[in-house]
C-alpha cells in the first residue's frame, strides 16, 4: 500500500464492518498509525486498540482532525445527525468521504456535510477481514482521479473491487455481496443440520460442509468457469447430485433466492427514503 503513504484515515464508527476493514488494511501493510477510530462504546474501542494498535476516540471531531479520508461506518439511522455534527470540519478540510452505510446516497451525504464534498459509497462485506472481501464502489462527481485511486487501493487491500456507474444499483450490490456472506452461512447451517439428521456427527458434518463450501468457492473464483457449467459437471445423470438438485428446484430454490435478493434491495431503498 505504498501508493497511500500520504493518506490518513478516520473511521467514524468501530463496529463489525469497520473492524473487518481495519484488519484487512493493516494485514496488507497500511501502518496502524495511519488509522484513527471514533467509537463511543468503550468495549469496542478498547478491542480495536488492543487488536490493531490503532488510536481510538469517543469524539468524532477529535478523531477526524486532519485525516484525508473519513470512513463512515455508522448505522444508516444515525448517519444524518453524525454528518451534520461533522459538517463544519468537513467544509474546512474537504476530506474524501467514504461511506459503507447501506441505503444512504452520495447526494444525502453531500448535503448533510455542507455540499461540494467528494463522496465514494462503498458496500463491502465481512470477509474483508481475511482479505477475501468483495466491494462495490460508486464515486460522485466531486471525486477526482487520485481520490478514486485511493479508495480503490484501500478496498483492494481487503479483496476485489467493482466500480458501479449507476448509484441506483448500489442497493443491488448490498443485497448480493454485502449481505451475501450471511446467505452462505445459512446454507452451511442447513447442510450441517441435514448431515447430522442423516447420522453424521456434528464435527464431521461441520468439517465436511465447511471444506465443501470453501472448495466450491475456490473453483468459482479460480477456474474462470461459470457457475452453471461447474454445476453441470458435478451433476451426473441419475446420480445423487441430480437427486438433490431436482429436490432444490422442485421447492422453488431459484425463486427463494430471487425474492431474498429483492427483499434486501428494497430494504436498502427504504433506508435511504427513511433518512431524507
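Here is a yes/no grid of residues against (1) in contact with a helix residue (DSSP H, G or I) (Cβ under 6 Å, 6 or more places away or on another chain); (2) over 30 Å from residue 101 (Cβ atoms); (3) surrounded by 11 or more Cβ atoms within 10 Å (Cβ to Cβ); (4) modelled with pLDDT of 95 or more:
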position	(1), (2), (3), (4)
196	yes, yes, yes, yes
204	no, yes, yes, yes
226	no, yes, no, yes
232	no, yes, yes, yes
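Collect the residues in segment 244-255 that are without any contact (Cβ under 8 Å) to a residue 12 or more places away in the chain and surrounded by 11 or more Cβ atoms within 10 Å (Cβ to Cβ), keeping them in residue-number order.
244, 246, 248, 249, 252, 253
Is it the case that some residue within segment 18-37 is touching a strand residue (DSSP E or B) at 6+ places or on another chain (Cβ under 6 Å), surrounded by 14 or more Cβ atoms within 10 Å (Cβ to Cβ), at pLDDT 95 or above and more than 27 Å from residue 145 (Cβ to Cβ)?
yes
Out of the residues in segment 65-102 meeting the condition of being surrounded by fewer than 21 Cβ atoms within 10 Å (Cβ to Cβ) and in contact with a helix residue (DSSP H, G or I) (Cβ under 6 Å, 6 or more places away or on another chain), tell me which one is farthest from residue 172 (Cα to Cα).
Taking the candidates together, the pick is 89.
So which residues in segment 172-198 are in contact (Cβ under 8 Å) with a residue 60 or more places away in the chain and either more than 20 Å from residue 126 (Cβ to Cβ) or over 12 Å from the mean Cα position of the chain (by Cα) (or both)?
Within segment 172-198, 172, 183 meet the criteria.
The values are calculated or read from the model by the stated rules, or taken from the named source; none is laboratory data. All values derive from a computational prediction rather than experimental measurement. Please note: Cβ atoms are built from the backbone with ideal geometry, for glycine as well, and neighbour counts cover all protein chains shown.
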